[in-house]
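Nothing in this text is a laboratory measurement; each read-out follows from the coordinates by a stated rule. Please read these numbers as outputs of a predicted model, since none were measured by experiment. With ideal geometry, Cβ positions are generated from the backbone for all residues, glycine too; neighbour counts draw on all protein chains shown.
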Amino acid sequence: MAKIDFTGRVAIVTGAGTGLGRLHAMELAKRGAKLVINDLGGTRDGVGSGDAAANKVVDEIKAMGCQAVPNYDNVATVRGGGGIVKSAIDAFGKVDILVNNAGILRDKTFNKMEEENWDAVVGVHLRGAYCVTRPAFKKMKEQGYGRIVMTTSGAGLFGNFGQSNYAAAKMGLIGLTNVIKLEGAKYNIKVNVLAPVAASRLTEDVLSPQFFEKLKPDFVTPMVLYMCSEQCQDSGMIINAALGYFSRSAVVTGPGAKLSDGKKIPTPEEIMDSWAKITSLENPKYFNQMNEMFGELGTLLA
Ligand code: NAI
């Protein structure tokens, strides 16, 4: 089995001061990567800031005899994103790997979801991925190599009561990934999406204590390492990871129902009668990009 090794690679992990991000960073460093440990250092709901979290992880990595620098920027600003990538360039001259991991939560039912809580969560997860990935992507394109990991959530993929802000942001990352995978393909930039479940401060009051105990982040991080490796040649994959169980999620399309010959406009009643066929997911298709779906529509015209 070929060993996955990051010697000579430079990696940024956002929100690496604790939880999953810290572990991703430690394991990347153990296998030779030079790390930028970004963390704003605020609370679970994104209040406050400080340098202690990032500094602690940098110290841990250095104590293992590996290389790391801290960065305390906010991923949710263009300035912060630029600063994070600059930290990598200033310290190590390049950036090969970016793990977008920083996250906060502000759960409320949609009815009570005030603008401030919507903006804060979408800001860190979705805007944050934009702000950091854009300057990193530019460098990766110039060097003809890059590996990017986005961190989504089952809350977005499948839905979760009380998390409209978080779910919307996490699904936004899938759309972003779907485009970057196409635009980065020519430059050997691969972008894949992790959907983890793990014990952390974000999940301590969501999961039962018995479940929490078992869901060690250690079970998730190996997937991130594979996604960050040269060996990973896929792009645009969404992988669920927890407890050493890994599976793919995807947006797929059912076979559908053709209710027109291309001339006659179907009636709402015909749609009602065909609802089961229209919504069937039997033998679904996966389209790698929108044009493939258009191609499928084209066959209807033939
Ligand atoms: P965590 O709260 O332990 O770690 C998140 C880190 O991000 C913290 O150190 C925090 O200071 C940092 N951070 C927050 N806002 C930031 C900002 N604006 N700029 C820079 N750093 C910032 O949480 P956990 O569980 O390790 O989460 C990591 C990622 O995984 C998040 O994106 C989360 O949404 C996602 N996730 C986690 C799941 C889980 O089961 N733990 C489930 C699904 C997704």
_Whole-number Å³ per residue for the convex hull built on Cα positions in region 204-302_ = 179
_Rounded to whole Å, give me the distance from the Cα center of region 132-205 to that of region 54-112._
15
*Taking a cut-off of 27 Å between Cα atoms, list the lysines near residue 62, but don't count ones fewer than 8 places away on the same chain.*
3, 30, 34, 86, 94, 139, 216
*Could you list the chymotrypsin sites (Phe, Trp or Tyr not before Pro) in region 248-302 that lie in coil according to DSSP, counting only those with at most 14 other Cβ atoms within 10 Å of their Cβ?*
286
*Determine the percent antiparallel among the DSSP beta bridges restricted to the chain, to the nearest 5.*
20
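By how many nm would the segment from residue 206 to residue 288 grow when fully extended, if each residue of separation counts as 0.36 nm and the alpha-carbon distance is taken off? Before the final figure, lay out the partial values.
On the way: separation 82, 0.36 × 82 = 29.52 nm, distance 3.42 nm.
Residue separation times 0.36 nm, minus the Cα-Cα distance, leaves 26.1 nm.
Give the Rg/Rh ratio for region 252-302, taking Rg as the radius of gyration of the Cα atoms and Rh as the Kirkwood radius, to two decimals.
0.99
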_residue 158-residue 90 FRET efficiency (beta carbon distance; Förster radius 51 Å; 0.05 resolution)_ = 0.80
*Considering Cα pairs under 8 angstrom that are at least six residues apart, work out the relative contact order of region 1-159 and quote it in whole percent.*
24
*Assuming a viscosity of 0.692 mPa s and a temperature of 37 °C, what translational diffusion coefficient in µm² per second does Stokes-Einstein assign to the chain, Rh being the Kirkwood radius over Cα pairs?*
160
*Could you give the distance between the Cα centres of region 256-294 and region 1-40, to the whole Å?*
45
_Candidate aspartates and glutamates - alpha carbon under 12 Å from residue 56, same-chain residues fewer than 8 apart omitted_ = 39
*asked:* Could you work out [θ]222 nm for the chain from helices alone, using -39500 (n - 2.57) per DSSP H run of at least four and dividing by all its residues? Round to the nearest 500 deg cm²/dmol.
replied: -12500 deg cm²/dmol
